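Accompanying notes for the structure given below.
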Amino acid sequence: MQTAYEIAVRRDGGVATTGRIDSDASVLVPWPFAPLTSRGRCDVRVRVWGDDGAHSDWSAPLAIEAGLLDPSDWRARFVSAADEGAALTAPLLRREFELRPGAVRARLYVSALGVYECELNGRRVGDHVLAPGWTSYDHRLRYQTFDVLDLLQPADNAIGATLGEGWYRGRIGFPGSGGRELYGDRLALLAQLEVAYKDGSVDVVATDRRWRSAPGPILASGIYDGETYDARREAPGWSRAGFDDSAWGDVAGVERDLGTLVAPDGPPLRRIDELAAVAVLTSPSGKTIVDFGQNIAGRLRIAVAGAAGQTVTLRHAEVLQDGELCTTPLRGAQATDRYTLRGGGPETWEPRFTYHGFRYAEVDGWPGTLTLDALRAVVCHSDIGRSGWFECSEPLLNRFHENVVWSMKANFFDVPTDCPQRDERLGWTGDLTVFSPAACYLHDVAGFLASWLADLAADQHESGIVPVVVPDVLSRHSAERGGALNEMAQAVWGDAAVIVPWLVYERYGDRALLEAQYDSMRRWVDVVAMQAGPRRLWARGFQFGDWLDPGAPPDEPQRAMTDAHLVATAYFAHVAGLLSRIAGVLDRDDDRARYRAVADEAAAAFRAEYVTPAGRIVSDTQTAYALALRFGLLETDDQRRRAGRRLASLVRRNGYRVGTGFAGTAHVLDALCDAGEVETAFRMITERACPSWLYPVTMGATTVWERWDSLRPDGRVNVGQMTSFNHYALGAAADWLQRRVGGLAPIEPGYRRFEVRPLFGAGVTSAKSELETPYGRASSRWRLDGTQMELAIAVPPNTRARVVSPGGGASIEVGSGAYRWTFDVSAVRPETGPGRR
């Protein structure tokens, strides 16, 4: 355990230290020196003292550099192709410049209205995909910083950029609401190259009227519809010095408030992996279809040779039906890429400014015989590092968990989207509300979610209403084309404003994020309180409710078995209580008391309207009981016992199949375990009949589906207009596997203290959870051997773990280290598991 630390910083030729600070804090400690200014650089080292009095060696230096922190730091201005023909496609922009001898540092600061790729002297700058990404552009536009010293050459140099429509100018929305040019009608580049020399001088090459522009080989590019590329229109050497651009056109300035520029909070989109094709198929109609074996988000890279003018067409889809590419789930998205060959030898091509959700690709126009090695599926997503793992003795559960991981990767695509394939791909707030606990375990999403939450606060309406999608493109549409959705406060969806920051705090210990989001949280709870009125009953207006529960008609997903206003009032009580806790963390005592009273009043309203004295709930459904139990809405122990028994009875009567939608799925398994019905929870998670978590696995799914029955038992695709095969929300149960089966659950923020309390049942005889906490890797591994449970755990430095014996009996608290125990579990009733004796 740490007892003290010291931080040293070297900058501007001098060294400063904090001296020894007696503290056990080792994560997100306050910066103890003067803040860095724009372009400021320093090296930081740290050493710590343990409780034995000894101190560590100094750590290796960590280099830190600030970006451009003030609009006045920018000499560059946004420029666009002045020629209308170039401006309407994906224009190329370039400029040449001279490098003096003695360069020691070079930074390129760059952003775009649209998306961009930059080149220096014919070489790609960075490895980002679809930069600068998607944010609430009116309020926050990211810029990127690249170290480009190694890309420069003596004397003559050239810099160039290709622009694409992306989310800024391309078609974005969903059927009936999708529109173009929602943020602006001109693609523009902002680039500032700063080269520092040994003598202290600096040269700046910035976008201005001296740049040149021309149409490029990309004839069309769109997030939904794909990319069309004509290699015959390439201009070899266009981003190298000496290229003849005399036929190119001028550029025009584009006005833009540079005060909206922000540095990234999280990692960029990147090409993360590549998958080889596993089969080339011929469909009943004679089409050539390539199977990559895994549903992904990304695009194809092809290696092809043929005659100039030959066009290869690539159509993408997630599933086959009757042996043909099934494009019905794409709705209006074309998801089609076209490449026209230049001829003269082998050619390699990958689209730049689009992506698709697919496992299968239909290939048309291929010259010669198509072989497996001619195509690669390039997996793209935000470069969020993997942080959590789970595995158990049940192979189908392992495949389900892996499907959750794939769906998360495919949909953490700069914003947390609903799906990667159809004409939607929006940052639906409700999906993330229910999935955020699983997300914070599986990957390091602290920066990713901090960025998205900043957009949520920026797009939040003046009234306090949180948009149902963030970034908020729906409000840019007319009311009849989708904007009206955002004029209504939606439980679960709007609750992301409170639930997601709290989860990030719980999992990473970032108190500063609570401070940053506090006004947004407060405004949301206040507008809900106003709509609920003095009765504190949220009982009017449209609600999504328990969206997509298995009983809802295919094209009416809001018609769930559970009363939508019951769900709304339950979540109102829950988030008001969370806000009270958050106010306490931030030492806002008046708000803590105020929102605690609001939460108590909403819980009382819930009971008065929906709960009988005996604990029965008006909506006699799995979701109703799960929410009442998990949110602490029942008043007496007897009500809680009866509600728990009723929930278990409903699950058993339903054949252990799922009866919940978005609102209830994340809570039903925990509610069963809290009620002592552990075996029922295990029977539910291992059920294979539709609807269940394992039904898609038995149908060959490699990702989580939007609907419990996106693919019907007869092999037909669900007829509903929303039928994604890559949708993480219903995979929220992965959090239960990780916490309660694997056995790692946070007690204090950032896992400073955590609980190890694994559960077993339904024939699951072993499991393990591993997690990279902010303090280091924690793990829990257990195995049943007859009447014995062997448990091994690892506790990171400067943390403690509370280990609870099977059956919920004795507990022990331990510090950092590795431990093993053997428990006698013969007294644990096999029909209930260790949740009760």
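The values are calculated or read from the model by the stated rules, or taken from the named source; none is laboratory data. Not measured: the values here are computed from a predicted model. All Cβ positions, even for glycine, are placed from backbone atoms using ideal geometry, and neighbour counts span all protein chains on display. For the accessible areas, the whole protein counts, side chains as well, though only heavy atoms, and no ligand, DNA or RNA atoms are used. Shrake-Rupley method; radii C 1.70, N 1.55, O 1.52, S 1.80 Å.
Summary of computed values
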quantity: Net length gained if the chain between residue 604 and residue 199 were fully extended (0.36 nm per residue, minus Cα distance); calculated: 138.6 nm
quantity: Exposure rank, largest accessible area first [198, 409; 1.4 Å]; calculated: 198, 409
quantity: Set of the range 684-712 residues, backbone N closer than 16 Å to the point 7 Å along the Cα-Cβ line of residue 328; calculated: 706-712
quantity: Size descriptor, Kirkwood hydrodynamic radius, that averages inverse alpha-carbon separations across the chain, Å; calculated: 28.8 Å
quantity: Convex hull per residue volume in Å³, alpha carbons only, for the range 127-240; calculated: 148 Å³
quantity: Debye log10 I(q)/I(0) for the range 696-761, one point scatterer per Cα, at q = 0.11, 0.21, 0.28 Å⁻¹; calculated: -0.41, -0.83, -1.13
quantity: Helix-only CD estimate at 222 nm, as mean residue ellipticity for the chain, using -39500 (n - 2.57) per DSSP H run (n ≥ 4); calculated: -6500 deg cm²/dmol
quantity: Solvent-accessible surface ranking, highest first, for 665, 612 at 1.4 angstrom; calculated: 612, 665
quantity: Cα lying deepest toward the dipole's positive end in the chain, options 533, 153, 634, charges on Cβ; calculated: 634
quantity: Solvent-accessible surface (1.4 angstrom probe) belonging to residue 72, in square angstrom, nearest 10; calculated: 90 Å²
quantity: Packing-based order for 674-686, 200-212, 594-606, 381-393, using average beta carbon neighbours within 10 Å, highest first; calculated: 674-686, 594-606, 381-393, 200-212
quantity: Proportion of all alpha-carbon pairs of the range 721-837 beyond 19 Å (%); calculated: 47 percent
quantity: Taking the range 566-630 and dividing mean pair separation by its residue count, relative contact order in percent (alpha carbons under 8 Å, at least six apart); calculated: 37 percent
quantity: Proximal aspartates and glutamates relative to residue 287, as straight alpha-carbon distance under 18 Å, when same-chain residues fewer than 8 apart are discounted; calculated: 318, 322, 324, 337, 362, 364
quantity: Residue 574 - accessible surface, heavy atoms, 1.4 Å probe, Å² rounded to 10; calculated: 50 Å²
quantity: Where 699, 789 fall by accessible area, highest first, once all protein chains stay in place (1.4 Å); calculated: 699, 789
quantity: Percentage relative contact order, the chain, counting C-alpha pairs under 8 Å, at least six apart; calculated: 10 percent
quantity: Highest average packing first - 764-771, 584-591, 432-439, 249-256, Cβ atoms within 10 Å; calculated: 432-439, 764-771, 249-256, 584-591
quantity: Percentage relative contact order, the range 171-235, counting C-alpha pairs under 8 Å, at least six apart; calculated: 22 percent
quantity: The chain - percent of accessible surface contributed by carbon and sulfur, probe 1.4 Å; calculated: 47 percent
quantity: Calculated over the range 475-591: convex hull of Cα atoms, volume per residue (Å³); calculated: 128 Å³
quantity: Cα-based reach from residue 409 at 27 Å (exclusive), listing lysines while leaving out same-chain residues under 8 positions away; calculated: 768
quantity: Inter-label distance, nm, simple model (7 Å from Cα along the C-beta direction), residue 20/residue 185; calculated: 6.9 nm
quantity: Rounded accessible area per residue of the chain, 1.4 Å, Å²; calculated: 37 Å²
quantity: Highest average packing first - 707-717, 293-303, Cβ atoms within 10 Å; calculated: 293-303, 707-717
quantity: Probe 1.4 Å - accessible area at residue 338, Å² to nearest ten; calculated: 100 Å²
